[in-house]
Amino acid sequence: MTTVLDLDRAADRAHRLVRDGGRLLGIAGAPGVGKSWLVDALLARTTDLDVAHLPMDGFHLADVTLEQLGLRDVKGAPETFDVGGYAATLRRIARRDEDVVYAPAFERDLEQPVAGAVPVPRAADLVLTEGNYLLLDAPGWRDVRALLDEVWFLEEDDELRVRRLVARHVAFGKSPAEAEAWVARSDEANARLVASTRERADVVVSVG
């Protein structure tokens, strides 16, 4: 396993992946670790490539479905995602036989997925997809891992990560007390599960 401590070196690794014939790059990590930040940093450093961004969060099950399944209180856990739909979308992208594959996005203001919001063109040299469970050794998630050419695991100081998570929940409508309770009960349980997948990564990124 390789460890990368510098964003420019991370971008060099992404370029090398493309040169070697790879295309689908996954970024895994715990809730609040900064996966979207790393994606933005890579986008800024790969402007010579045609890069598409496919967040896993778009495959959240809708709240109405979570209510029916009795999973609303664990939203964000692996079983609250449409992992089959995610794998199927990655498979379509990998086949490269469609001009554009449209995928769902997650609208944080609504806290709901929105269909057909993310275009992934066939011409994309590199497809960045980020999410908590890309390395999870479980049914459905193994299919996701198998479809990705490389998966990186992003690390961050846990105290900073938790503060960032609480602030995010507050920004989207929870009270500080509600946010802290949700992080302690739900997000941190998911973070411990994600941490257990670290050894399955190709690369560990630690640039905090």
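The values are calculated or read from the model by the stated rules, or taken from the named source; none is laboratory data. Everything numeric here is computed off the predicted structure, so don't read it as measured data. A quick note on method: Cβ atoms are made from the backbone with ideal geometry, for glycine too, and the neighbour counts reach across all protein chains shown.
Details
Quick grid of which residues meet (1) touching a residue at least 12 places away in the same chain (Cβ under 8 Å); (2) surrounded by 14 or more Cβ atoms within 10 Å (Cβ to Cβ):
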{"position": "E98", "(1), (2)": "yes, no"}
{"position": "L110", "(1), (2)": "no, no"}
{"position": "G116", "(1), (2)": "yes, no"}
{"position": "L126", "(1), (2)": "yes, yes"}
{"position": "G131", "(1), (2)": "yes, yes"}
{"position": "L135", "(1), (2)": "yes, yes"}
{"position": "A146", "(1), (2)": "no, no"}
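- Here is the figure for the range 29-63: residues that are surrounded by fewer than 17 Cβ atoms within 10 Å (Cβ to Cβ), in contact with an Asp or Glu (Cβ under 9 Å, 6 or more places away or on another chain) and at pLDDT below 95 total 2.
- Test: residue in the range 79-87 that is outside any helix (DSSP H, G or I) and either over 13 Å from V144 (Cβ atoms) or under 15 Å from the mean Cα position of the chain (by Cα) (or both): yes
- Exactly one residue out of D99, D63, D40, D109 is of a type in the set (D, E) and in contact with a helix residue (DSSP H, G or I) (Cβ under 9 Å, 6 or more places away or on another chain): that is D63.
- Within the range 140-196, being part of a loop (DSSP other than H, G, I, E, B) and farther than 18 Å from T80 by Cα holds for L148, D149, E155, E156, D157, F172, G173, K174, S175, S196.
- Criterion: among the aromatic types (F, W, Y) and surrounded by fewer than 20 Cβ atoms within 10 Å (Cβ to Cβ) - qualifying residue of F172, F153: F172
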